[in-house]
Amino acid sequence: MLNDGYDDWYEYVRSRPYVTGDDWTTRVGAALGVPEPAVTPAPRVVGVSSADGVTTTELAWEVGFGPELHAWFLHPSDAEPSTLPGVLDLHCHAGIKSIGAERLLPGPAGRAYQVMYEDGVAFAALLAARGVAVLAPDTFSWGSRRFDLSSATGQLGELRALLEGIGLRGDDLYDGMAKLHEHLVAKRAGAIGTSYAGMVAHDDLTSLAVLRSLTSGRIGLTGFSGGGGRAPVLAALSPGVDKVSIVAMMATNDSLVPDHLDCHSWLLNTPWRHRTLDLPDLAASRRQHRLHVVYCEQDELFPAAGMRAADARLKELYEGSPGSYEGVFVPGPHGITRATHELVADFLTS
């Protein structure tokens, strides 16, 4: 038995059916092996703080297995959040597992990440200041939902010894180990009939349920990179989302094979997804929501031709549909500038 905080994971997955519903929900639930959440989340308040006109409430809830999931609920301090539209702000991958949604918040935990990837912006706070209620949740294997790797053995234990030998400690050590550990988790997920992306989607479904319970207006989803990949999966699984904004996470499947696979995580590389769910088709799903995609023109993780082909495919899919699509190409490599943050905020608050 692995002593990693997830000893009940296997039994949970094996006891749960895949998420089902309309054609898109059932299709994506089966393709990713998304377990139907077993519990209705009952969030408890961990703490409350206010700064710069924004109130932040840390919440936590049980998802049915493993450690509690923590999330941060932000809204303008002078507004009743239950009257506001809601946005689920999904954190990226970035090879950083020691923290999850804290990278979207003001404060020291996410500062180094924000400077490196997001032009120093704490996007959840920026968005809340624009008049919406924002929930920024951790998810499976990140932050509060991370695995306990302190008793690692085998390949992971050998890696730990190597990283400690070169001086890594604390979160840096954890994040170094988590890079290999993700491959092991993906193996374990596949062996019990789910996938890494499917387990992340499972947790995200509980977060979406919490956001819907806290707000009464329209619901939007957004994310950068890996978070941008989580958003269309969630919209396809759960009908009724009004807006989806994806930043730096869109190309056709074929354009990624074989040269752009290694630079992406198991969030994107679920076996057989490439044969059944092309990224543009997944993002469009029912074509009832407003879709906003930001492409970075010099994105080293996605080929330019693949991004242009995805843009063309999405325009085709949305033609004559009740929803809408806007693709925006911005200069620069994989990352988000302050100007792009404002562009996304404009879309989500319009």
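Looking only at residues in segment 191-213 that are in a helix (DSSP H, G or I) and surrounded by fewer than 18 Cβ atoms within 10 Å (Cβ to Cβ), the one that is farthest from the chain's Cα centre (by Cα) is Ala191. Every residue in segment 147-190 that is outside any helix (DSSP H, G or I) and touching a residue at least 12 places away in the same chain (Cβ under 8 Å), please. The answer is Phe147, Asp148, Leu149, Ser151, Ala152. Filtered by the rule that a residue be at pLDDT 95 or above and either within 19 Å of Leu84 (Cβ to Cβ) or aromatic (Phe, Trp, Tyr) (or both), segment 324-350 gives Tyr325, Phe329, Val344, Ala345, Asp346, Phe347, Leu348, Thr349. Selection of segment 214-235 for residues being among the hydrophobic types (A, V, I, L, M, F, W, C) and over 14 Å from the mean Cα position of the chain (by Cα) yields Leu214, Ile219. Applying the criterion of being at pLDDT 95 or above and in a loop (DSSP other than H, G, I, E, B) to the residues of segment 214-235, the residue that is surrounded by the most Cβ atoms within 10 Å (Cβ to Cβ) is Ser225.
Among the residues of segment 22-35, the one identified as loosely packed, with under 14 Cβ neighbours inside 10 Å and part of a loop (DSSP other than H, G, I, E, B) is Asp22. Mind telling me which of the residues Tyr318, Tyr295 ends up being within 18 Å of Thr222 (Cα to Cα), modelled with pLDDT of 95 or more and among the hydroxyl-bearing types (Ser, Thr, Tyr)? None of the other options fit; the residue is Tyr295. Among residues that are of a type outside the set (A, V, I, L, M, F, W, C) and touching a helix residue (DSSP H, G or I) at 6+ places or on another chain (Cβ under 9 Å), Gly157 is not included. Which condition number in (1) aromatic (Phe, Trp, Tyr); (2) within 30 Å of Pro106 (Cα to Cα); (3) surrounded by fewer than 19 Cβ atoms within 10 Å (Cβ to Cβ) is the one that Tyr10 fails? Looking at each condition in turn, Tyr10 falls short on (2).
Just to verify a result, which residue in segment 236-261, among those that are β-branched (Val, Ile, Thr) and either crowded, with 19+ Cβ neighbours inside 10 Å or under 17 Å from the mean Cα position of the chain (by Cα) (or both), is nearest to Ala31 (Cα to Cα)? Going through the qualifying residues, I end up with Thr252.
Cβ-Cβ distances below 9 Å connect the following pairs, each with a first residue in segment 271-289 that is within 11 Å of Ala310 (Cβ to Cβ), a second residue that is modelled with pLDDT under 95 and surrounded by fewer than 18 Cβ atoms within 10 Å (Cβ to Cβ), and a separation of six or more residues or different chains: Asp278/Asp254. Among the residues making up segment 278-310, those that are in contact with a strand residue (DSSP E or B) (Cβ under 8 Å, 6 or more places away or on another chain) and surrounded by fewer than 21 Cβ atoms within 10 Å (Cβ to Cβ) are Arg290, Glu297. Among the residues of segment 290-330, those identified as in a loop (DSSP other than H, G, I, E, B), free of Cβ contacts under 8 Å to residues at least 40 places away in the same chain and touching a Pro at 6+ places or on another chain (Cβ under 8 Å) are Glu297, Gln298, Glu300.
Test His341 against the criterion of being in contact with a helix residue (DSSP H, G or I) (Cβ under 6 Å, 6 or more places away or on another chain), of a type outside the set (Val, Ile, Thr), part of a helix (DSSP H, G or I) and closer than 26 Å to Ala128 by Cα, and give yes or no. So His341 fits the description; yes.
The values are calculated or read from the model by the stated rules, or taken from the named source; none is laboratory data. Here the structure is a predicted model, which means the values were calculated and not measured. Glycine gets a Cβ as well: all are built from the backbone with ideal geometry, and neighbour counts include every protein chain shown.
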